[in-house]
Every structure is written in C-alpha cells, then in structure tokens.
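Step one of this worksheet: look at the structure below.
The values are calculated or read from the model by the stated rules, or taken from the named source; none is laboratory data. Just so it is clear, the model here is predicted, and its values are computed rather than measured. In this analysis, Cβ positions are derived from the backbone assuming ideal geometry, glycine residues included, and neighbour counts consider all displayed protein chains.
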C-alpha cells in the first residue's frame with residue numbers, strides 16, 4: 001500500500017451477487033485498496049422426499065464466482081428420517097465443487113433420508 005491512498009476493509013456474508021457492483025462503487029468514490037473478508041456461507045436445505053444424495057445449491061451467494069470447496073459444518077434443523085420414518089443419526093459424506101459451475105455441494109448418506117439441514121460451505 002502506498003502513501004496517500006484510501007483503503008477500505010469489509011466483512012461480508014452471503015453477498016456474492018452484489019460484490020462486483022459494491023467494489024466498483026467504492027472504487028468510483030475514491031477507495032484505492034479494498035480488502036474483503038468472506039464469512040462462511042450457511043445454506044439451509046430441505047429434502048422433502050427420501051434420497052441418498054442431497055445436492056445443495058449456493059444460490060449465487062458465493063463471491064466472485066468462487067467454488068463451493070468444502071462443507072465445514074452440518075446441523076440438522078429437524079430429525080433426519082429414513083423412508084420408513086425411522087430416525088437417522090449417521091453423518092453424511094460431503095463433496096464440494098459439484099455442478100457445472102462448481103457452486104454446489106453434495107451430502108451422501110448411507111441410505112435414503114429426508115429432512116432439513118443447515119450446511120456451512122467454505123469457498124477459500
């Protein structure tokens with residue numbers, strides 16, 4: 001950073017679609033250096049029908065067309081149930097960078113299940 005510049009440091013969360021416009025605006029009003037820290041993206045996913053593989057969309061909330069690299073946390077928002085309506089407690093295997101734009105993650109369970117899960121996605 002050189003002397004005489006104006007810097008801006010910001011923390012964002014779920015602002016992916018708007019960051020380019022935000023950066024351009026702040027550049028236009030005189031900020032020379034912009035540093036952005038991205039908080040974790042938390043997506044809630046509801047799987048209504050029992051399925052072994054759940055694919056979660058990030059809904060264009062990742063910044064600068066980044067990839068959904070990995071899942072760092074899973075939190076059931078209700079009981080996860082099998083197709084026979086019994087409770088399921090095993091942790092799914094997770095896969096990042098899924099889909100044509102690598103902006104999705106997959107949860108793979110040992111059997112077909114349904115329910116609601118909050119999933120924390122990292123893009124760094």
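Structure values in brief
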| item | result |
| --- | --- |
| Which numbered condition residue 29 misses (of (1) over 15 Å from the mean Cα position of the chain (by Cα); (2) under 30 Å from residue 115 (Cβ atoms); (3) surrounded by fewer than 12 Cβ atoms within 10 Å (Cβ to Cβ); (4) without any contact (Cβ under 8 Å) to a residue 40 or more places away in the chain) | (2) |
| Unmet criterion (only one of (1) modelled with pLDDT of 90 or more; (2) loosely packed, with under 15 Cβ neighbours inside 10 Å; (3) more than 30 Å from residue 112 (Cα to Cα)) for residue 1 | (1) |
| Positions within the range 34-65 being crowded, with 17+ Cβ neighbours inside 10 Å and closer than 18 Å to residue 19 by Cβ, in sequence order | 38, 41, 43, 58, 61, 62, 63 |
